[in-house]
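To keep things clear, I will list the structure first and then write my remarks on it.
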Amino acid sequence: MIMSDTIAAIATGSQISAIGIVRLSGERAIELADALFRPFSGRAMAESAPRTLVYGKLLDRAGRTLDICLCTISRAPRSYTGEDTAEFQCHGSPVVLRAVLDELFALGARQALPGEFTKRAFLNGMMALSSAEAVADIIDAETAESAINAAGQLAGALDGRAERIYSSLADISAHYHAVLDYPDEDIEDFRLAAYRRTVSAARDELAALLATYERGKLMTSGIPAAIVGRPNAGKSSLLNALLGYERAIVTRVPGTTRDTVEEKLMLGRVCLRLIDTAGIRETDDEVERLGVERSRSAMERAELIIAVVDGSECITPDDAEIIAAAERAKHAVIVLSKKDLSGGAALESPLRVVNVSSVTGEGIDELERVIGQMFPSPELPAGEILTNARHAEAVSRALEHLDAALGAMDGGATPDIVLTETEGAMNAIGELSGRTVREDVTERIFSRFCVGK
Ligand code: GDP
């Protein structure tokens, strides 16, 4: 294994925290650790057992103690990056961590680029590209479900599956080329028909994998949800009640269309991306312009519709129209608002109806439960849900190639045509593990990582 120059970075956040980590990787990692760190045991890190925590003092060049901390080393190739690595677990003071980093730079280490540790791990064959991407996905995960799926991918769930498909197709290709290249050898004849089942099984597996992407997208970016209803139904009050709900975690994100604002909301287990909340907030002033028309456009983009009907009044034709639209949606729930007020007519609908008071908060728990039931936790093993657009695109391309290969087989095409398609599929699948991915793509992937990862 070729070791490269020694990189260093603060691996923990920039806030004050209990513990902060500075890490090193490269040919001088252990030497640099020893230059700064004095184990209380008196035994240098170079003499210490790898992957154990050693207690000691971190000194600056003038011999002053910067921190009392822990140090651990790993030796190539049994480390995260596949190179020699060292890690200081200091007190989580940004000032101390910065000082440690500066000492390391003075000794010749260089600032690690975003994702450079993980990139080295990938380049040194320690992990597949899809697993490396899963590292970033774990860090970015907003729900426990997406974190668990990413952890499954880090453990190789996706890569393992892709490799099995790749290798079944590689067998076909190898046999074909062996017959072609060594006509005098005693190799079994290449008969396409013998491989139809392999290609078809690979095709079906890719199709099943691609089918998980819809769920994967919802899992990582949130379920696009629209709160709709006629003016004064109680939409903005419901939105505020949801946003103020003690169990909700809210982030504001720019909307997908111009001039819209979206709010991401964790409701229990489920992450909702509320579409066009600006529209809802404005309704007080612009009752005429907004209302049903605007609701209609939000409904078209939503995966989940929360239809708000004023529970203190009789159902109007506008309500009926919105309810009818909600009944046609993929997922919908009706909120009968203003539960704390009396009056209103009973509502007949095949949809779940939840009585809510945005004033008292009554019914919000129930709404959380109903929405949670609509989006149950996936039953697939962790890691087998596609969440990454790059992966989905590669799988989709592989699928097209295999469909073409099967079509060619069934149309009686010559083996070379079928093989071209099969190898096209192999190339596309290989992009998951990274074995066939272009270097500029790899660069782009790692540049999205945080520094120190
Ligand atoms: P929107 O036009 O659909 O966004 O409706 P709003 O949320 O602005 O509510 C219209 C009116 O109903 C306002 O005066 C609210 O204060 C009132 N309202 C909304 N929800 C409730 C509720 O749960 N209970 C009571 N008593 N009033 C509510």
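If you go through the stretch 373-400 and keep only what is crowded, with 22+ Cβ neighbours inside 10 Å and assigned to a helix (DSSP H, G or I), you end up with His391, Ala394, Val395, Ala398. Just wondering, is there one or more residues in the stretch 108-120 that are more than 22 Å from Arg448 (Cβ to Cβ) and not acidic (Asp, Glu)? Looking for residues that are more than 22 Å from Arg448 (Cβ to Cβ) and not acidic (Asp, Glu), one finds at least one in the stretch 108-120, hence yes.
For the stretch 252-277, a residue qualifies if it is touching a strand residue (DSSP E or B) at 6+ places or on another chain (Cβ under 6 Å), at pLDDT 60 or above and away from the ligand (no atom under 16 Å from the Cβ), and the qualifying residues are Glu262, Lys264, Leu265, Met266, Leu272, Arg273.
Cβ-Cβ distances below 8 Å connect the following pairs, each with a first residue in the stretch 12-25 that is over 7 Å from Gly92 (Cβ atoms), a second residue that is basic (Lys, Arg), and a separation of six or more residues or different chains: Ser25/Arg120. Selection of the stretch 25-53 for residues being part of a strand (DSSP E or B) and in contact with a Phe, Trp or Tyr (Cβ under 8 Å, 6 or more places away or on another chain) yields Ser25, Phe37, Pro39.
When Ala35 is tested against (1) surrounded by fewer than 19 Cβ atoms within 10 Å (Cβ to Cβ); (2) over 19 Å from Arg110 (Cβ atoms), only condition (2) is not met.
From Glu366, Glu362, grab the single residue that is without any contact (Cβ under 8 Å) to a residue 24 or more places away in the chain, part of a helix (DSSP H, G or I) and within 16 Å of the ligand (Cβ to nearest atom).
Values: Glu362 fails: part of a helix (DSSP H, G or I).
Exactly one residue qualifies, and that residue is Glu366.
Every condition in (1) in contact with an Asp or Glu (Cβ under 7 Å, 6 or more places away or on another chain); (2) closer than 30 Å to Gly125 by Cβ is met by Pro50 except one, and the failing one is (1).
Does the stretch 121-144 hold any residues that are more than 16 Å from Asp159 (Cβ to Cβ) and either in the same structural domain as Ser74 (by TED's automatic domain parsing) or not in a helix (DSSP H, G or I) (or both), and which are they?
The initial filter retains those residues of the stretch 121-144 that are more than 16 Å from Asp159 (Cβ to Cβ), namely 139-144.
Listed by number, the residues that qualify are Ala141, Glu142, Thr143.
Being closer than 30 Å to Ile139 by Cβ, at pLDDT 95 or above and among the aliphatic types (A, V, I, L, M), is that true of even one residue in the stretch 398-408? Explain how you work it out, then say what you get.
Our first condition is that a residue be closer than 30 Å to Ile139 by Cβ; within the stretch 398-408, this holds for 398-399.
Filter again for at pLDDT 95 or above, leaving 398-399.
Of the ones still in play, those that are also among the aliphatic types (A, V, I, L, M) are 398-399.
Within the stretch 398-408, one or more residues are closer than 30 Å to Ile139 by Cβ, at pLDDT 95 or above and among the aliphatic types (A, V, I, L, M).
Of these, Arg98, Arg78, which one is among the basic types (Lys, Arg) and within 28 Å of the chain's Cα centre (by Cα)?
Numbers: Arg98 fails: within 28 Å of the chain's Cα centre (by Cα).
Unique residue meeting the criteria: Arg78.
Please count how many residues of the stretch 376-395 are at pLDDT below 90 and under 30 Å from Glu327 (Cβ atoms). Reasoning before the result, please.
At the first step, the residues of the stretch 376-395 found to be at pLDDT below 90 are 376-384.
With under 30 Å from Glu327 (Cβ atoms) added as a condition, the list becomes 376-380.
Adding up the residues that qualify gives 5.
Ala99 falls short on exactly one of the conditions (1) surrounded by fewer than 20 Cβ atoms within 10 Å (Cβ to Cβ); (2) free of Cβ contacts under 8 Å to residues at least 24 places away in the same chain; (3) not polar (S, T, N, Q), and that condition is (2).
All of Val359, Val335, Val370 fail the test of being surrounded by fewer than 20 Cβ atoms within 10 Å (Cβ to Cβ), at pLDDT 95 or above and assigned by TED's automatic domain parsing to the domain that holds Gly244, apart from Val370.
Among the listed residues Ala170, Ala194, Ala201, Ala162, identify the single one that is within 18 Å of Thr420 (Cβ to Cβ) and hydrophobic (A, V, I, L, M, F, W, C).
Numbers: Ala194 fails: within 18 Å of Thr420 (Cβ to Cβ); Ala201 fails: within 18 Å of Thr420 (Cβ to Cβ); Ala162 fails: within 18 Å of Thr420 (Cβ to Cβ).
After applying the criteria, what remains is Ala170.
None of Ile73, Ile30, Ile10 is crowded, with 18+ Cβ neighbours inside 10 Å, of a type outside the set (Ser, Thr, Tyr) and more than 31 Å from the chain's Cα centre (by Cα) except Ile30. Within the stretch 409-453, the set of residues being polar (S, T, N, Q) and not in a helix (DSSP H, G or I) comprises Thr414, Thr436. Would it be correct to say that Ser200 is of a type outside the set (Lys, Arg), touching a residue at least 40 places away in the same chain (Cβ under 8 Å) and either within 17 Å of Asn388 (Cβ to Cβ) or within 16 Å of the ligand (Cβ to nearest atom) (or both)? In short, no. Any residue at all in the stretch 174-184 that's assigned to a strand (DSSP E or B) and more than 16 Å from the ligand (Cβ to nearest atom)? No, the stretch 174-184 contains no residue that is assigned to a strand (DSSP E or B) and more than 16 Å from the ligand (Cβ to nearest atom).
Residues in the stretch 1-56 that are among the β-branched types (Val, Ile, Thr) and within 23 Å of Pro114 (Cβ to Cβ): Ile2, Thr6, Ile7, Ile10, Thr12, Ile16, Ile19, Ile21, Val22. Counting only residues that are part of a strand (DSSP E or B) and within 15 Å of the ligand (Cβ to nearest atom), the stretch 296-341 holds 10 of them.
The values are calculated or read from the model by the stated rules, or taken from the named source; none is laboratory data. These numbers come from a predicted model, not from an experiment. Every residue, glycine among them, receives a Cβ derived from its backbone with ideal geometry; neighbour counts consider all protein chains shown.
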